[in-house]
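Asker: Quick one: the structure is below, and I'll ask about it shortly.
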Amino acid sequence: MTLTIGALRAGPGRKTRGVLPADLGPTTAEVPLILVNGSRPGPRVVITGGVHGGEFIGVDAATRLAGLLEPDDVAGQVVICPVANPPAVYGGRLNISPLDGVNINRVFPGDKDGGPTDRMAAWLFEHLIDGAHAYVDLHSGGIDQRLLDFVGYRLTGDDELDAKNRGMAHAVGYERVIFGTSPDGGNSHAAANRQGVPAILVETGKLGDRDPVTVRRLLDALYRILHHLGVIEAPQDL
């Protein structure tokens, strides 16, 4: 099947890059997307980076993954959005948007009739996350944050969904895996769970790190997740 998001289309066995406009009310954000439509059937996996400004590792790793993934190596569809919140990333802000001072990772799934950040969140859910088989949201410590690498997921009370969340989280391969006891709140992965989409949050790096070794650590984790989901065969170095 052709993978279509807005005006972007990728036929079976094709990869497409482009930007789509997101109407935020007072302005329009240009959202970069890479669509990798595999040559074989499989799940649709969505990966976002740049939900927060100042968190560069996820942006870099998602961009590198988009360049490395080839449709002939993919079963299913991979949707990669390296910069999911352009106002915050390009505006140089950390956890909030310069448009309204709101942290987008507190308002998911958003409100298409709300303020700019609520609209941005709603756009991401409507165009990317709704209907996905799995969602991975990439974060890192911003320039003012010291973090240890970890993976987060939520317990939902749905045994099948919980098992999928847990399996994805442990597939990342990080030592620290934590979970919340409910899918409540405005975090991206919790909101995705409330719509039945298995989802995790991955934190890699600290203090606005852009170190290539740190990026590689996250890229390797993404390969492990995609292998776990049946999208790719195991890379040789895993």
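The values are calculated or read from the model by the stated rules, or taken from the named source; none is laboratory data. Because the structure is a prediction, the values reported are computed rather than measured. Note that we place each Cβ from the backbone using ideal geometry, even for glycine, and neighbour counts take in every protein chain shown. These area figures cover heavy atoms from the full protein model, side chains too; ligands, DNA and RNA do not enter into them. Shrake-Rupley method; radii C 1.70, N 1.55, O 1.52, S 1.80 Å.
Asker: Could you work out how far the C-alpha centroid of segment 174-238 sits from that of segment 1-79, in angstrom?
Answerer: 16
Asker: Which residues make up the longest stretch of the chain that has no GluC sites (Glu not before Pro) in a DSSP loop with at most 13 other Cβ atoms within 10 Å?
Answerer: 1-174
Asker: How high is the relative contact order of segment 89-139, given as a whole-number percent (alpha carbon pairs under 8 Å, six or more residues apart)?
Answerer: Dividing the mean separation by the residue count of segment 89-139 yields 22 percent.
Asker: How about LYS112: which aspartates and glutamates have a C-alpha closer than 12 Å to its C-alpha, ignoring those fewer than 8 places off in the same chain?
Answerer: Within the straight-line limit of under 12 Å, LYS112 reaches these aspartates and glutamates: ASP23, GLU126.
Asker: Here's something else I'd like to know. Let me check I've understood the local charge: for ASP184, count other residues with C-beta under 13 angstrom from its C-beta, Lys and Arg +1, Asp and Glu -1. What total comes out?
Answerer: +3
Asker: With the full set of protein chains in place, find how many percent of the accessible area of the chain is carbon and sulfur; take the probe as 1.4 Å.
Answerer: Using a 1.4 Å probe with all protein chains present, the chain comes out at 50 percent carbon and sulfur.
Asker: Please report the net charge: other residues with Cβ closer than 13 Å to the Cβ of LEU218, K and R +1, D and E -1.
Answerer: Once all neighbours under 13 Å are counted, the net charge is -2.
Asker: Right, another one. Any aspartates and glutamates with Cα under 17 Å of the LYS206 Cα? List them, leaving off those in the same chain fewer than 8 positions away.
Answerer: Answer for LYS206, where 17 Å is the Cα cut-off: GLU55, ASP60, ASP137, ASP144, ASP149, GLU175, listed by chain and number.
Asker: Oh, and also: Over segment 1-149, what is the relative contact order in whole percent, taking alpha-carbon pairs under 8 Å and six or more residues apart?
Answerer: 25
Asker: With runs of 4+ DSSP H residues as the only contributors, calculate the mean residue ellipticity of the chain at 222 nm using -39,500 (n - 2.57) per run, divided by the residue total and rounded to the nearest 500.
Answerer: It comes out at -8000 deg cm²/dmol, rounded to the nearest 500.
Asker: A follow-up question, please. In percent, what relative contact order does segment 56-122 have, based on Cα pairs under 8 Å that are 6 or more apart in sequence?
Answerer: 19
Asker: Based on the alpha-carbon gyration tensor of the chain and its eigenvalue square roots a ≥ b ≥ c, which shape applies: rounded if a/c is under 1.5, prolate if not and a/b is larger than b/c, or oblate?
Answerer: rounded
Asker: Could you provide, to the nearest whole Å², the per residue accessible area of the chain with probe 1.4 Å?
Answerer: With all protein chains present, the chain gives 42 Å² per residue.
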